[in-house]
1. Check A:Val214 against each of (1) more than 10 Å from chain B (Cβ to nearest Cβ); (2) not in a strand (DSSP E or B) and name the one condition it does not meet.
2. From the residues in segment B:137-155 that are on the phi < 0 side of the Ramachandran plot, more than 7 Å from chain A (Cβ to nearest Cβ) and in a loop (DSSP other than H, G, I, E, B), which one is surrounded by the fewest Cβ atoms within 10 Å (Cβ to Cβ)?
3. Among the residues of segment A:383-400, which ones are surrounded by 14 or more Cβ atoms within 10 Å (Cβ to Cβ) and either outside the structural domain of A:Gly60 (by TED's automatic domain parsing) or part of a helix (DSSP H, G or I) (or both)?
4. Just to be sure before I move on: is A:Ser150 modelled with pLDDT under 95, in contact with a Phe, Trp or Tyr (Cβ under 7 Å, 6 or more places away or on another chain) and not hydrophobic (A, V, I, L, M, F, W, C) in the structure I sent?
5. Within segment A:78-123, can you find the residues that are of a type in the set (Ser, Thr, Tyr) and within 26 Å of A:Leu209 (Cβ to Cβ)?
6. Considering only residues that are assigned to a helix (DSSP H, G or I) and in contact with a strand residue (DSSP E or B) (Cβ under 6 Å, 6 or more places away or on another chain), look in segment A:249-280 and name the one that is nearest to A:Ser190 (Cα to Cα).
7. If B:Gly232 satisfies all but one of (1) in contact (Cβ under 8 Å) with a residue 60 or more places away in the chain; (2) over 18 Å from B:Thr99 (Cβ atoms), what's the number of the condition it fails?
8. Please go through segment B:156-177 and pick out each residue that is within 30 Å of B:Glu207 (Cα to Cα) and more than 8 Å from every other protein chain (Cβ to nearest Cβ).
There are 2 protein chains.
Amino acid sequence: MTHPQPIADIARSIGIPDEALLRYGHDKAKVDLDWLASLPPRRTRLVLVTAMSPTPAGEGKTTTSIGLADGLRALGEEAVLALREPSMGPVFGMKGGATGGGRARLLPEDDINLHFTGDFAAIAAANNLLAALVDNHIHHGNALDIDPRSIEIRRAIDVNDRSLRHIVTSLGGRSNGVLAETGFDITAASQIMAVLCLAESRDDLRERLSRIVVGERYDGGEVTAAELSAAGALTAILKDALAPNLVQTLEGTPAFVHGGPFANIAHGCNSVLATRAALATGTITITEAGFGADLGAEKFIDILCRQSGLRPDLSVVVATVRALKYHGGVPVRDVAAENVEALRAGASNLLRHVENLKDVFGQNVLVALNAFDTDTPAELQAVADLLEPLGVRAVTSTHFTDGGAGSIDLARAVLADLEKPSETTFCYPEDVSLAEKAHLVATRVYRAGAVSWSKGARRKLRGLEERGYGRLPICIAKSPYSFAAEKLMGAPSGHTLPITDVRLSAGAGFVVLIAGSVMTMPGLPAQPNAVDIDVADGVLTGLQ
Amino acid sequence: MTHPQPIADIARSIGIPDEALLRYGHDKAKVDLDWLASLPPRRTRLVLVTAMSPTPAGEGKTTTSIGLADGLRALGEEAVLALREPSMGPVFGMKGGATGGGRARLLPEDDINLHFTGDFAAIAAANNLLAALVDNHIHHGNALDIDPRSIEIRRAIDVNDRSLRHIVTSLGGRSNGVLAETGFDITAASQIMAVLCLAESRDDLRERLSRIVVGERYDGGEVTAAELSAAGALTAILKDALAPNLVQTLEGTPAFVHGGPFANIAHGCNSVLATRAALATGTITITEAGFGADLGAEKFIDILCRQSGLRPDLSVVVATVRALKYHGGVPVRDVAAENVEALRAGASNLLRHVENLKDVFGQNVLVALNAFDTDTPAELQAVADLLEPLGVRAVTSTHFTDGGAGSIDLARAVLADLEKPSETTFCYPEDVSLAEKAHLVATRVYRAGAVSWSKGARRKLRGLEERGYGRLPICIAKSPYSFAAEKLMGAPSGHTLPITDVRLSAGAGFVVLIAGSVMTMPGLPAQPNAVDIDVADGVLTGLQ
């Protein structure tokens, strides 16, 4: 077990005084929101870490973010991380912990992977109080005339539990309320998670919570959380959860780890307040976006940057030689063997992401190759050769085995590229229709030939346009494993993006477009990770 | 808003060093379990605060506990409180906060009433992981041959939500698991809450979790959490929650506030570890038990004392003149008016509790009269006169308006009575049958004439005896408002206690006998407290 430094020391190292530090034990803390809000604006730099399309071979986006920050520290920069906090559910399922690995890790990893500072619990509690208030309103006479069939608020829980995906509630007679069909999502998939991650302040949080649409009246008008007088209570539940959490890497780099929205039906980035906290307390902030750049970086820019005004100064695209070979058709069991030809074929995936970031989003781009022992010089040279025409460098990083020392080259390259001017551009303007926004993302980023709409999706879209939500950005939920909605490797073109459903996330401030099916509640595997976890003599094992 | 002292100062005042203090912000902390376990045994005194049968007129058990501790401090004693933590669900429903009131309060009250240090969330998470593991086991082939109709683990959530009382899960096809009828209890009603509150150490917690019976095989044999390999993961989830929380009263008296099990289907006392922490760090510990002495004190002694070896040195029974009049037949709207005759009639309730504590449980007893402005000298004299034949004093306390200064007389009386020898006795021995235990509690404490058993209850009881659970203590869930299962005021005798259901709580180490119906998930009222709660400029309003 590795012992982290006292969190107060880490905090002091970036100018956070003890009064502004709300400690959770010796090695975790929240930072006071009022103190953060009082800081003068500072021109520091923001690096977005994103990735090629994820594969079972693994890319290591989080370890690269951590390694890069540690490497920058080793060069004397005041680098600070802003990352998502893990969901506890998957820790007991297939995935295990989500705090990096090797020598590129966050501490205290067990705590971060379990309850951490209680943010997920608070988000679930707020979500579930709102759901209970809606049902309670209907039970006690339904003065707002809510159509029970229209209720959009599901319940939330941070457990992988397939049994709760689709349930019937209020059985057992009159005193148990009005029978309803509903279900639970994992907490990370709740709208309130996205709301918390996009909120700029307590007041903004309250505003966003007020705007949540819980369902419709029988006459078609919408009913908001504000009309249920719920926004104050939800804000109260979330008042501590809104403050960013501070922890550290194995090498003592400060890390704000806060918020963990899904990267499909939400925008998949840590909280805006955590990123702002990092920007205000360091000289370079390293943050990351979920999945590949087609999903994570697109939403980071089109949703988070648009809403917050934040702009990345550089985008780092994480790739591995193994994952490139996988995209070139090599099965995962064979990705260790040299195969320059397959790598060249699969590199189309990386090149497409790089092109998009440059051409669609105006980014300075650098490629980070997360090194494996099995990478060969010929393979590494092939990647460099392929990127050269785009004017983009690929820098190898061995942070997993070497920590920050292994990321020095990457850190130097980042510092050099940060000297280049950068101007972030959006994929679509605010003032085109939701359908046009979908068309622009599909054709410009996914390189689809067309967008198809189900009848229901088209009807919902029209309704949202009519109710004035047309100016919101869109959040497309689709397979993360490909530019297409189906699993097409490499860099497919001309495919069709099939939108099957549309959901309003008025509090978060976006409209979700679902391409294919989307899983908002995972299940446990036949041999869940839970059975390997134990505590003996106060030591927890089996979690990592 | 009242500002508490830094919790590190409070901790140091009772000898807890900074290294052993796991702070949660500036004014809450957990105390390291290993440090607590390392303390040498110390002969300090334990005062149990219990009460007459509760009424809508209010008795003020928690405020009296707090006032008494503050009063003892004012006299120079090192008094420390050990109390239950509130459930968040009812905060948004009918009840509001549960941290005392007036000048007899715990700080920081908003935090304690909301998430506090996350214990309830951890307990719900452990409970719900266990439920998911059971369903997952059946979904993936059911190697243990669990009869799905036998599953005893419901899910838990800390929200008042009637819609979740009775649900059907796993709708929507094969991939969503095996259809089941189940429901959610409020977290305080979960077996894991009782387990945590009775656990003596991490190892004991793990042992207790292992013993939880999740259901039966088709062949009738029982299936435990251990057989699902779940105990390690549940212990991991609860590892921080097991450590007692330290806060303070308005007057700076240290208070361990930890665990909040229901006082009907569980034993209704704070954690054993919190009581031990208080005993180890002070000279007098004030703790309380839920509801009236027939429920709370009985379970405190017959369950908690029996399991832990703890023994109260004195029992303080809280009463109010108003509540006595209510028990004497005065409607709640009229309890402010002097009515000595009704008071005399209703005092039968108080006298019965005092007699039980003395005769059945061997307690030194003192009555604390929680004063109201409307109490008259004639009424107070009548209470004193009625208690005199029992050799018990009634001492008035004005802690609600005056804080510890208002409890000086009560504190002096407590100190005097602590000089008397005390020997706690149980209502029933361990080695009689469960039915005989029920008979002894019913006739000796409730003064019932008989116990009746439903067919199902009798069958379950027989099964438990056969499976070797006959030596466990019993935990009777019945109406708290009367010695009877129905609402009979005063001191009824000769009634029948109807046991309608029996539930094993093997992890907690007791068998629950349900008399009448028992509510394990509250609902929200038509005008829930939630609608009055708000946060503006960082200040929370409407919670108290």
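1. Checking A:Val214 against (1) more than 10 Å from chain B (Cβ to nearest Cβ); (2) not in a strand (DSSP E or B), the one that fails is (2).
2. Within segment B:137-155, the match that is surrounded by the fewest Cβ atoms within 10 Å (Cβ to Cβ) is B:Ala143.
3. A:Val383, A:Ala384, A:Leu386, A:Leu387, A:Leu390, A:His399, A:Phe400 - these are the residues of segment A:383-400 that are surrounded by 14 or more Cβ atoms within 10 Å (Cβ to Cβ) and either outside the structural domain of A:Gly60 (by TED's automatic domain parsing) or part of a helix (DSSP H, G or I) (or both).
4. no
5. A:Ser87, A:Thr117, listed by residue number.
6. A:Ala274
7. Just one mismatch for B:Gly232, condition (1).
8. B:Ala156, the sole residue that qualifies.
The values are calculated or read from the model by the stated rules, or taken from the named source; none is laboratory data. As the structure is a computational prediction, the values presented were derived from the model and not from experiment. Here Cβ is always computed from backbone atoms with ideal geometry, including for glycine, and neighbour counts include all displayed protein chains.
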